[in-house]
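The values are calculated or read from the model by the stated rules, or taken from the named source; none is laboratory data. Predicted, not measured: the structure shown is a model, and the values here were computed from it. Backbone-built Cβ (ideal geometry, glycine too); neighbour counts: all protein chains shown.
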Amino acid sequence: MNSDGLIPILVGASNEHTTELNTLQDQASQLQQQIATLQQDLATCCAAHGSTDGRGMSAGAGAGAGAGEALRTDLFIVPNPVADHTQLRYTLATPGRTRVEVSDASGKRLEVLEEAVREAGAYTHDWTTTDLAPGTYHVTLYLNDSFVVKKAVKVAR
């Protein structure tokens, strides 16, 4: 068997794989830079809206395919801090399936306050909090595949 004829083929294949590897490494580096930029943008956005924990999101926060809906959907808790009663005021940018739920500080869902199919527009929900212990809670408004989260602080009365 003459192995001399295989040497140019093996060298060519090795060079081709090296080129492909370099291309993949360049792409991975670009993706890491994009991720770092997005993380910095997220931190800047959260700081500008009074939240550093990533959960107290305001307008513009959301996830899923319909995240653009959250850009025009908002949720307010008035008054906040909360004593025994408060009002949730929210605006839906588009019609859709909605759910408003309350979670404790660890993220455990405590209660679904309302669930409905709604038209775009402004809505309110009166929330009685007498059964809640003083502490921090999260109110999440879901609109289709998007969501907005706000912190509610329950104070002792």
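So that you can scan it fast, the table gives a plain yes or no per residue for (1) at pLDDT below 90; (2) surrounded by 14 or more Cβ atoms within 10 Å (Cβ to Cβ); (3) outside any strand (DSSP E or B); (4) not β-branched (Val, Ile, Thr):
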| site | (1), (2), (3), (4) |
| --- | --- |
| 62 | yes, yes, yes, yes |
| 77 | no, yes, no, no |
| 86 | no, yes, no, no |
| 100 | no, yes, no, no |
| 103 | no, yes, no, yes |
| 124 | no, no, no, no |
| 130 | no, no, yes, no |
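Could you run through region 105-122 and say how many residues are exposed (fewer than 14 other Cβ atoms within 10 Å of the Cβ), part of a loop (DSSP other than H, G, I, E, B) and not charged (D, E, K, R)?
Going through region 105-122 one residue at a time, the tally reaches 3.
Cβ-Cβ below 7 Å, separation at least six or inter-chain, first residue in region 106-132 and without any contact (Cβ under 8 Å) to a residue 60 or more places away in the chain, second part of a loop (DSSP other than H, G, I, E, B): which pairs?
118/95; 119/95; 120/93; 120/94; 120/95; 128/84; 129/84; 130/84
Among residues belonging to region 132-147 that are assigned to a strand (DSSP E or B) and touching a helix residue (DSSP H, G or I) at 6+ places or on another chain (Cβ under 8 Å), point out the one that is farthest from residue 106 (Cα to Cα).
143
For residue 82, state whether it is of a type in the set (A, V, I, L, M, F, W, C) and at pLDDT 95 or above. Show your work before the answer.
On the way: of a type in the set (A, V, I, L, M, F, W, C): yes; at pLDDT 95 or above: no.
Here the answer is no, as residue 82 does not meet what is asked.
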